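The values are calculated or read from the model by the stated rules, or taken from the named source; none is laboratory data. As the structure is a prediction and not an experimental result, all values here were calculated from the model. Methodologically, a virtual Cβ is constructed for each residue, glycine included, from the backbone with ideal geometry; neighbour enumeration extends over all protein chains shown.
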Amino acid sequence: MSLALARKYRPLSFDELIGQEAVSLTLSLALENDRLSHAYLFSGLRGSGKTSTARIFAKALLCEHGTTSHPCGVCSHCKMAVDGRHMDIIEMDAASNRKIDDIRELIEHTKYKPSSGRFKIFIIDEVHMLTKEAFNALLKTLEEPPAFVKFILATTDPLKLPATILSRTQHFRFRKISQPILTKHLEHILNLEGVTYEKSAIDIIARSGAGSVRDALTLLDQAIVYSTNFIDLSTVTNMLGIIEPSLLEGLLNKIMLKDEAGILEFISMASEFESEMVIDELMLYLKDILLSGSTKITPMIIERFFRVLADAKQLLNIGSDGEFVLSLTLFKMMEALQIQDIDGMIRTLEKELNSVKITPSEPIKEESSVPLSPPIVDDNRIVEPEVSPDLPIPEPIKPIDPHAKQFESLIAKLYDRNYELGEGFKNSITYSSFEDNLLSWESTASGENKTLLKNNWGLIRMFVQEIFGFETKIKNIPKELPSVDVEPELITSQAEEPIFMVAEEDELPMTSSCIAPEDGGVEAAKEKDERTILDEPMVAKALELFSPKKVRVKRKS
């Protein structure tokens, strides 16, 4: 009867385990020195040898020649352990027996002594699948089992186990099997089976196994059947549905040569493959180039290619069209070659700087371009020559005020917040000076502009303190516009308002404004009676000053 290679070549001793030297050595020394624990936990990737190690360890505990790391394999206990029919080795799949009732039944078995062996051994596979209640029921027995009971727990996900379980067991972590070790193991099995093969084909099978011996042996079994006892590269790539490495090598050559027609030809040919698989194979091929130390592609270019391929993986994950993503990726890889590296840019800059000749500037002549007549000596008196009045007198250069730039930043902030406010502020306010936390400006605000600025005074002050400092005070210097003749008619409700924004001292609360409509006892905030408005001192003074022919009183709407 034919058996799968994974079962046919299952290791029967610690010497046959591959890639788990630390685990094999520790368990062997524990058996030889009689330093046995009552509970063990084996965790690791699928197909890394957890269950096989548990069975070998159980056989070593029950061998008639005593607890040894090299069981004889010929005694009745060893034979029954190998055949899986030993009464004292109880294997339980926790994925299908995960409830508390199953654990209660197991605990009941621990009360009875072994039927024929030295120990009663319980192997619980996929132990992380047990329910919370089942774990709690197992705790006491796992911590203090009878002397003849041994527990061996196996799991692929130890993080799902409660800390109370982990603390009661010796934890052995099984490593992923490396590709060279796995390749060597597959070649050994093919030699035993009498199957010829190509080395490159076995490398691909070992890589596809992803560190799992069982997965690799399953693929090898399939390849033997598919290839009719000769495993070559084309057979394996067709069986796995992956692209041949030679095609990837040709693709990279076309990318390096920027052969757009060749890249389009490859995209057309690769339409029968999964786009994600092609991108994964490209990543693996670039990794092989990097680790081989080849100078064909520099590490800097490989890093750029990897970033492009990683972006492509993200696009595929969101459900984008695979063929389009592959096409875009290949052309982005070609464009990545045009980016200069840092060293090349530095060298180019140095060459440009070395080619530039710096010529010393000519000294500025202090003499005037208009010749002056020499001084005339007359009767022991020196008469200085006259200077032509047509010569321009240079104006003194004003020092640059650094705070003017900050004032421009203030205008930009106001524009950004409210374009109309920024326009009104720019047209009405002119920067004057900034000294001792006092910002002075000249204001020509009037009419709607003045109202707009007053209504947004809080915002303007906030931006001023943000740019010039929290302690900044604002001083407004009113600047009158050219006077315009107007009809001498006085509208008393539109009397002259206080000068806009004077804040030399701490700002007073705006109790009479629209922001604080409550009068709070302030006279200015109370409503005026239109019948007595002409008796107000300020109105009477205005009437005396202007002597108007007609006075019209309007009620504010």
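May I ask you to say which residue of E323, E272, E335 is free of Cβ contacts under 8 Å to residues at least 24 places away in the same chain and under 21 Å from G241 (Cα atoms)?
On the way: E323 fails: free of Cβ contacts under 8 Å to residues at least 24 places away in the same chain; E335 fails: under 21 Å from G241 (Cα atoms).
The unique qualifying residue is E272.
I need the helices (runs of 4 or more DSSP H) fully contained in segment 1-72, keeping only those with at least 3 residues that are more than 27 Å from R168 (Cβ to Cβ). Even if it seems obvious, please write down each step before you answer.
On the way: elements: 5-8, 21-32, 50-62.
In segment 1-72, the matching helices (runs of 4 or more DSSP H) lie at 5-8.
Regarding V127, is this residue in the same structural domain as A60 (by TED's automatic domain parsing), touching a Ser or Thr at 6+ places or on another chain (Cβ under 6 Å) and closer than 24 Å to R46 by Cβ? Explain how you work it out, then say what you get.
Details: in the same structural domain as A60 (by TED's automatic domain parsing): yes; touching a Ser or Thr at 6+ places or on another chain (Cβ under 6 Å): yes; closer than 24 Å to R46 by Cβ: yes.
For V127, the condition - in the same structural domain as A60 (by TED's automatic domain parsing), touching a Ser or Thr at 6+ places or on another chain (Cβ under 6 Å) and closer than 24 Å to R46 by Cβ - is met.
Return the residues of segment 161-180 that are part of a strand (DSSP E or B) and among the charged types (D, E, K, R); say none if nothing qualifies. Before the answer, list the steps.
Our first condition is that a residue be part of a strand (DSSP E or B); within segment 161-180, this holds for 170-174.
Passing the criteria: only R173.
How many of the residues making up segment 127-160 are surrounded by 20 or more Cβ atoms within 10 Å (Cβ to Cβ) and part of a loop (DSSP other than H, G, I, E, B)?
Residues flagged as surrounded by 20 or more Cβ atoms within 10 Å (Cβ to Cβ) and part of a loop (DSSP other than H, G, I, E, B) within segment 127-160 amount to 1.
Give the residues of segment 233-249 that are surrounded by 14 or more Cβ atoms within 10 Å (Cβ to Cβ) and assigned to a helix (DSSP H, G or I), sorted by residue number. Write out each step before concluding.
Taking segment 233-249 as the starting set, the residues that turn out to be surrounded by 14 or more Cβ atoms within 10 Å (Cβ to Cβ) are 233, 235-237, 239-240, 242-245, 247-248.
Residues satisfying the conditions are L233, T235, V236, T237, M239, L240, P245, L247, L248.
Quickly run through segment 255-269 and pick out the residues that are in contact (Cβ under 8 Å) with a residue 40 or more places away in the chain, surrounded by 14 or more Cβ atoms within 10 Å (Cβ to Cβ) and either touching a Phe, Trp or Tyr at 6+ places or on another chain (Cβ under 6 Å) or more than 28 Å from I318 (Cβ to Cβ) (or both).
M256 - this is the single residue of segment 255-269 that is in contact (Cβ under 8 Å) with a residue 40 or more places away in the chain, surrounded by 14 or more Cβ atoms within 10 Å (Cβ to Cβ) and either touching a Phe, Trp or Tyr at 6+ places or on another chain (Cβ under 6 Å) or more than 28 Å from I318 (Cβ to Cβ) (or both).
Quick grid of which residues meet (1) touching a Cys at 6+ places or on another chain (Cβ under 8 Å); (2) of a type outside the set (D, E, K, R):
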residue	(1), (2)
A54	no, yes
V74	no, yes
C78	yes, yes
V82	no, yes
A94	no, yes
E105	no, no
